[in-house]
Amino acid sequence: MVLGLSAIATLYLQSDRPFPGVSTDDLTCVSNESIPKGKAVQVPGDSISKNITTQGEWFVDRTGRAMILHGINVSGSTKVPYSPRLGTHTKEGFYETVYTASFTGRPFPLSEADEHFGRLHRWGYRFVRLLVTWEAIEHAGPGKYDEEYLDYVVALVKKAGEHDINVFIDPHQDVWSRFSGGDGAPYWTLEKVGFDPLKFSETGAAIIHNVEGDPFPKMIWPTNYSKLAAATMFTLFFGGNDFAPDTRVDSLSAQEFLQRQYIQAIVQLAQRLKGLPNVIGFDTLNEPSAGYIGNGNLEAFGILVNGIMPTPFQGMVAGAGHAVEVGEYEFAVTGPREVRRVQLNPSRLLAWKDAGSDIWRKAGVWGYDAANLPVLLKPDYFVNRNGRAVNFSEDYFKPFALRYQQAIHAVDSSWLIFNEAALFTKLPRFSAEQSRKMVNAGHWYDAITLLTKSYSSWVGVDVRTRKPLLGRTAIRKAFHNQMSDKKKETVHAMGQRPTLVGEFGIPFDMQEKAAFRTGDFTTQAEALDRSFRAMESNLLNYTLWNYTADNDNTRGDQWNGEDLSIFSLCRKNQPAAPMPEDARWKQQFVRTHSRWRASPSRTILIMKKASMCCDSTCIASPTCLPRFLYPTFISVKVLTCGIRPASWRLMRRTICYSSHQPRLVNRL
């Protein structure tokens with residue numbers, strides 16, 4: 001009896017259905033003759049014809065054929081300077097080069113562009129989310145733009161076009177800046193509002209790899225979002241007029257100064273890229289944060305709890321020069337666990353230039369009681385302003401997104417705007433006219449695998465409900481539904497507009513880097529395939545995170561201990577070969593996929609060694625087939641969802657392969 005129940009439980013936990021909710025009972029054959037012709041799309045007011053634009057919820061090419069974009073982020077190490085080489089593990093030169101470090105050469109030197117773009121093209125990635133940073137453009141000071149870097153990016157994008165690769169520009173940031181533990185904004189933005197960034201580490205305002213050195217706790221950098229430095233900067237950037245009206249920079253409000261400088265910096269790049277047909281648009285800002293806005297409990301932790309964790313109020317007090325006792329936590333799937341109590345800022349340093357620069361004390365958020373002890377005075381300061389409850393997305397993100405869109409469209413009205421909601425928020429609602437050129441480009445990760453750098457095929461957590469998931473099918477279904485929700489969010493915020501998952505991926509250094517020692521990437525392959533299938537089963541556009549040209553097994557993507565690159569120098573062999581051994585388990589990230597379709601009806605194409613979602617024309621549309629996956633002619637079955645044909649037929653020799661590399665297979 002016990003053995004029987006155990007066997008049933010094991011069968012349930014290990015059983016799996018790649019596409020939840022999709023029956024494979026009804027299969028139908030689609031002939032070439034039944035494929036309708038596409039129609040060219042011309043939008044009045046567009047300043048130049050782009051290789052890719054949109055029609056309703058679909059991306060379309062110049063002839064009007066619908067597309068599912070199969071793309072990748074380039075690259076993880078763009079977050080750090082190229083000269084000098086300042087990966088986050090490097091202490092020397094970190095503060096000495098805040099105004100002079102150059103990013104020219106990120107993601108890779110122009111001399112290597114053909115190699116890397118050629119490799120991506122062979123692997124089927126013809127669409128790139130190209131990272132840049134505000135710091136790379138304007139590190140020397142307000143209005144001082146790095147012309148060499150701007151010229152380099154233009155030349156790089158032209159190179160991408162030579163390899164039939166289209167791009168959109170991602171002004172990237174994480175937790176505001178390299179000097180608050182991430183990347184993005186220049187050093188001077190912190191100084192301008194009154195901070196002394198040199199004291200961030202000691203005061204607990206940020207945890208910075210370049211300062212702390214090794215060993216650096218895995219995936220601790222996101223906790224900076226709730227710490228004093230990043231939380232303050234995002235509050236000022238989005239809502240400084242309401243929450244810090246007395247904080248002025250060069251006669252401007254902090255909000256106006258920061259938004260103006262950021263947008264003008266990106267416009268500098270936009271002006272140089274105008275006229276390039278393979279540039280289809282711009283992201284608003286990578287993974288922004290609401291800062292303190294909307295936080296109704298300044299004495300509680302946020303969602304991410306790991307390492308030494310002050311509450312927002314404790315962070316303000318420590319930044320003001322007080323020693324504060326706080327907890328140090330260990331992250332676990334079951335929830336954070338306090339491992340000890342520590343004293344934060346024992347030297348009683350200031351995170352500000354002087355006591356008078358403390359924005360939140362000046363605003364009256366906190367102060368001192370009769371015993372001269374710090375006390376929280378306005379616990380609801382960030383949730384109620386001007387007599388009403390705040391809504392971050394509507395009140396603060398939306399005005400910024402529209403201002404940004406207006407500035408980009410002043411350069412070229414044909415560009416798409418890839419909107420990213422702030423972390424743990426939803427997009428606001430835009431009118432039909434406002435969203436005409438918008439795309440929902442939010443991110444998604446297998447959170448437990450990412451944060452723990454370990455993988456379980458049958459135990460997970462539903463991030464929407466924070467409830468455990470047991471069994472392969474339950475996890476796949478939850479992931480599928482989460483991606484389905486993204487498309488629903490798009491409809492709610494923008495109407496019938498495209499959805500593109502701007503980032504997803506898995507850490508290749510999971511299980512304590514075991515695969516680097518054994519060469520067995522089976523675990524990584526299964527984890528990545530599970531995420532891919534969530535995209536494919538929803539017909540989602542995506543850009544995988546990521547391709548880093550200087551990734552290695554020691555330092556990964558050269559940033560905060562992350563290692564999510566599908567390429568590694570440690571696997572590199574001969575880049576000119578059809579399928580060089582420079583990748584980590586190509587069998588999963590080199591996907592069979594359809595690039596174009598004449599109509600967006602939903603079907604599933606089921607192939608040997610892989611499954612993919614596409615439309616009823618994909619078998620006769622250009623389809624990318626990796627040769628190493630399909631060494632001979634293959635068989636194809638086509639499932640038309642929601643239709644009950646009388647019977648199904650097995651189609652043979654419908655798709656063939658190139659003898660040397662993946663190719664676009666046209667109608668046979």
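The values are calculated or read from the model by the stated rules, or taken from the named source; none is laboratory data. None of these values were measured; they are calculated from a predicted model. Using ideal geometry, Cβ is built from the backbone for each residue, glycine included, and neighbour counts are taken over all protein chains shown. Note: accessible area is taken over every heavy atom of the protein model, side chains too, but ligands, DNA and RNA are not part of it. Shrake-Rupley method; radii C 1.70, N 1.55, O 1.52, S 1.80 Å.
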For Asp462, which sequence-distant residues (separation of 5 or more, or a different chain) have an amide H within less than 5 Å of its own amide H, given hydrogens modelled in the peptide plane?
Lys467, Leu469
Return the aspartates and glutamates within reach of Lys488: Cα separation strictly under 13 angstrom, same-chain partners fewer than 8 residues apart disregarded; answer none if there are no such residues.
Glu57
Which three numbers, in whole Å and largest first, are the semi-axes of the equivalent ellipsoid of region 357-484 derived from its Cα gyration tensor as √(5λ)?
35, 30, 13
Once region 136-240 is represented by equal point scatterers at the alpha-carbon sites, with solvent omitted, what log10 I(q)/I(0) does the Debye formula produce at q = 0.12, 0.17, 0.20 Å⁻¹?
-0.51, -0.86, -1.02
Using every alpha carbon pair in region 315-388, what percent of pairs falls into each 10 Å bin from 0 up to the bin containing the largest distance?
17, 36, 31, 15, 1
Using each residue's phi in region 207-220, evaluate 6.51 cos²θ - 1.76 cosθ + 1.60 at θ = phi - 60° and report the 3J(HN,Hα) Karplus result to the nearest Hz, with x for Gly and Pro.
10, 10, 4, 4, 9, 5, x, 9, x, 9, x, 5, 6, 8
Carbon and sulfur together cover what percent of the accessible area of region 85-141 at a 1.4 Å probe radius?
53 percent
Region 210-260 - Kirkwood radius from inverse mean 1/r over Cα pairs (Å)
12.5 Å
Report Rg/Rh for region 273-338, rounded to two decimals, where Rg is the Cα radius of gyration and Rh the Kirkwood radius.
1.24
Show me the three semi-axes of the equivalent ellipsoid for region 445-528, from the C-alpha gyration tensor (sqrt of 5 times each eigenvalue), largest first, rounded to whole Å.
28, 15, 10
For region 324-450, give the share of DSSP beta bridges that are antiparallel, in percent and rounded to the nearest 5; count only bridges with both residues there.
80 percent
Averaged per residue, what accessible area in Å² does region 377-446 show with a 1.4 Å probe, protein chains only?
41 Å²
Region 355-434: relative contact order from alpha carbon pairs under 8 Å, six or more residues apart, as a whole percent, is 19 percent
Among the aspartates and glutamates, which fall within straight-line cross-link reach of Lys477, defined as a Cα-Cα distance under 17 Å, with same-chain neighbours fewer than 8 residues apart omitted?
Asp16, Asp446, Asp462, Asp485, Glu526, Asp529, Glu536
For Leu544, enumerate residues with amide H under 5 Å from its amide H, sequence gap 5+ or separate chain, H modeled in the peptide plane.
Gly71, Ile72, Asn73
Rounded to 0.05, the calculated FRET efficiency for the beta carbons of Glu489 and Ala370 at R₀ = 35 Å is 0.10
Heavy-atom accessible surface of region 227-300: percent carbon and sulfur, 1.4 Å:
39 percent
Which pairs in the list Lys274/Lys437; Lys398/Lys487; Lys378/Lys486; Lys79/Lys227; Lys158/Lys192; Lys218/Lys487 are over 28 Å apart, alpha-carbon to alpha-carbon?
Lys378/Lys486; Lys158/Lys192; Lys218/Lys487
